[in-house]
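The values are calculated or read from the model by the stated rules, or taken from the named source; none is laboratory data. Predicted model only: the values in this text are computed from it and were never measured. Every residue, glycine as well, gets a Cβ built from its backbone with ideal geometry; the counts of neighbours run over all protein chains shown.
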């Protein structure tokens, strides 16, 4: 598919290691992320298990592509920890898990205060409403 883009850099790619991250920080996510840096990678999604915030922060600091995380986080306090520790460049609240659209908006405001973007999966109507109505939402 990417080879059909002219030029190939015009087609950003989104890379997901989900569900729940399959790589470790050191030899896993950072090694794969370094390979992805050579492409127009929009983001590298959840390469580390969501419980390993230290590994996400280590990977985010080591890579030049944005790391996206948060589909398994459930509260704004979980997202605050990701942001304070530098573990995500793009946060991904799932509005069906984090408390709905209102809580999702609070998470978006928190991300905006840290200068980060928000995106979400597009599988449910609730996510589409959230995506369309949230100013710091990142769209490829």
Check your understanding: Within the range 83-116, which residues are assigned to a helix (DSSP H, G or I), touching a helix residue (DSSP H, G or I) at 6+ places or on another chain (Cβ under 9 Å) and under 19 Å from residue 54 (Cα atoms)?
Key -> 83, 111
Review point. Which of the residues belonging to the range 64-79 are part of a helix (DSSP H, G or I) and touching a helix residue (DSSP H, G or I) at 6+ places or on another chain (Cβ under 6 Å)?
Key: 76, 79
Point to revise | Among residues of the range 39-63, those that are out of contact with any helix residue (DSSP H, G or I) (no Cβ under 9 Å at 6 or more places or on another chain) and part of a loop (DSSP other than H, G, I, E, B), counted | key: 1
Study note, to complete from the structure: Among (1) at pLDDT 85 or above; (2) farther than 24 Å from residue 110 by Cβ; (3) crowded, with 17+ Cβ neighbours inside 10 Å, residue 63 falls short only on (2)
